[in-house]
1. So for the stretch 12-251, averaging the separation of alpha carbon pairs under 8 Å that are six or more residues apart and normalising by length, what relative contact order in percent results?
2. Over the chain, calculate the relative contact order: mean separation of alpha carbon pairs under 8 Å at least 6 apart, over the residue count, as a percent.
3. Hey, could you get me the Stokes-Einstein D for the stretch 4-61, Kirkwood radius over alpha-carbon pairs, 4 °C and 1.567 mPa s, rounded to whole µm² s⁻¹?
4. Quick one: ranking Lys32, Lys189, Lys424 by accessible area, 1.4 Å probe, largest first, what do you get?
5. For Tyr151, Tyr193, Tyr287, Tyr250, give me the order by solvent-accessible area with a 1.4 Å probe, most accessible first, ignoring ligands, DNA and RNA.
6. Plugging the Kirkwood radius over Cα pairs into Stokes-Einstein for the stretch 278-414, at a temperature of 4 °C and a viscosity of 1.567 mPa s, what D comes out in µm²/s?
7. What are the ³J(HN,Hα) values, in whole Hz, obtained from phi via the Karplus relation 6.51 cos²θ - 1.76 cosθ + 1.60 with θ = phi - 60°, for each residue of the stretch 140-145 in sequence order, with x given for Gly and Pro?
8. Of the heavy-atom accessible surface of the chain (probe 1.4 angstrom), what whole percent is carbon and sulfur?
Amino acid sequence: MMNVPLLVPTMLERAEKYYGKKTVISRTADGKKTHNYKEIGERTRRLSNALEKLGVKQGERVGTLAWNHHRHLETYFAVPGLGAVLHTINIRLAPNHISYIVNHAEDKVLFIDEDLLPLVESIKDQLPTVEAFVVMTDKEELPSSNLEPLYHYEKLLEDGDPSFEFVKELDENAPAGMCYTSATTGNPKGVVYSHRAIVLHSMALGLADSAALSENDVAMPVVPMFHANAWGIPFAAVWFGTTQVMPGPYFTPKIIADLMASEKVTIAAGVPTIWLGLLKELEEGSYDMSSVTRILCGGSAAPKGMIRAFESTYKIPFVHAYGMTETSPLVVLSRLKSYQQEGTEEERLDIRAKQGSLVPGVEMKVIGKDGEVAWDGQEMGELLLRGPWIADEYYKDERTASTFKDGWLYTGDVVTVDEEGIIKIVDRTKDLIKSGGEWISSVDLENALMAHPDIFEAAVVALPHEQWQERPLACVVLKESAENVTKDDILEFLRPQFAKWWLPDDVVFLKEIPKTSVGKFLKRALRDQLETHYKDSSLTNQ
Ligand code: ADP
């Protein structure tokens, strides 16, 4: 067969050629803008050319600090279209982490949304590799800023060549994108995506038993474009000629609901907190959600109650998926097999609340205490992955050695696998509670706690224990309406659901659970807080 390289710019060329009329609807700081793929193609070519004129060379990194909008989408193709590497930066990271990753990636140019200029200004003296800043704004004038040299995105485009030819003399294994994942300890770790990985991952998003993204869809990535490339949706959607809706800056559940209804979105993707917010909005307002054929949800576990609410109350099919920055990210997705459609509603829901099965193209191994685990839905082990869109190292980082071994990615996620090969994430290895040589899933305990009518949120962590090594401790935030709920009430509530040795040794009541920049529980901070201040008055054992 022909050895034709798989290259990112060819995806945009397809959209320009065959789907020139299809559109990208973009909510920006100043309104809503619509461009078709012919226009997006032309603007992207201008941008590629402008970057070349700014001196960006093949292999060099170009950073973005931006929300989801059409200009960000253009950088997705303009940068790899020049053979350079698109580095999407998490705008919610602490400024010292942002300067760390810009320096570590050695970004040469930074694209910045106007509202994020102050963030970059505050660290500007710590960015020696950056030679140019480009502000993405709808305004005519360049905003005042002490960043230098500062370019206006639209003015750069005006000077660019609309028929610029994308670079094609490229190895498909050359880097096209890059993203840093927040580490639990130490600095963020960089993952570099090749052209080949992005193209193959996009293909996987289009498979009928996967996300089934197609030209017929109107796709809205709510997941940020700096979070594992908005799960690869912008790349795939362009390639397939899918209409896209970009939700822009500072969106609220109302904005999301309005956009979904007005643009007749068919597929939207985001983390569970987004969908919990939308559910509340749907309860309060009146929206026509009849266009939506599926919501894609990943990043952390989707509670079963939420899946049920979307499907039974609002008739919106819900697809649970799993992945990580290191895996492009899509690797596991929950769909019923043909013969599983026959079960009761509750049985079907139980299957779909799990993370699901591997998408074609990816392989797994699950290693427990005694080697590969049995597929019995009980035995727990760490999930190992390999495949053409799985990273095989961290960018210039010695932590590569502990995560990538023998050709496998050690995900750090502990799972069970049932007879059907369906995966359920039970914990992160570092959060699993190892009590007397046995494992306790903090996630299972948390889910049970959060089903208590008076509990708003709950996290369970391991505390060191002399006899048992570790024991679970439940940290609980009560709902405002809760009255006189005691530790014993909570333990009594858990008792019938778990073996005795799984029950937490103690329950502490907190005002809130510390969270990461992407809304996940920050258990390290919680453990530190508890170990140091266990007897502190801010923690009250009622
Ligand atoms: P980080 O959390 O380090 O910022 P990622 O966004 O790449 O970076 O997170 C990947 C992790 O998120 C996975 O290793 C897993 O622990 C968790 N995760 C992702 N999807 C799910 C899911 N559907 N259910 C449970 N956990 C998930």
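1. This gives 26 percent for the stretch 12-251.
2. On the way: 1108 pairs, mean separation 54.3, N = 542.
Result for the chain is 10 percent.
3. Diffusion coefficient, whole number: 99 µm²/s.
4. So, going from the largest accessible area down, we get Lys32, Lys424, Lys189.
5. Details: Tyr151 80, Tyr193 10, Tyr287 55, Tyr250 135 Å².
From most exposed to least exposed: Tyr250, Tyr151, Tyr287, Tyr193.
6. Working: Rh = 17.0 Å.
For these conditions, the coefficient is 76 µm²/s.
7. Residue by residue, the stretch 140-145 yields 5, 8, 6, x, 6, 6 Hz.
8. Whole-percent figure for carbon plus sulfur exposure: 50.
The values are calculated or read from the model by the stated rules, or taken from the named source; none is laboratory data. The structure presented is a predicted model; accordingly, all values stated were derived computationally and were not measured. No Cβ is skipped: glycine too gets one built from the backbone with ideal geometry, and neighbour counts run over all protein chains shown. Only protein heavy atoms, including side chains, enter the accessible area calculation; ligands, DNA and RNA are left aside. Shrake-Rupley method; radii C 1.70, N 1.55, O 1.52, S 1.80 Å.
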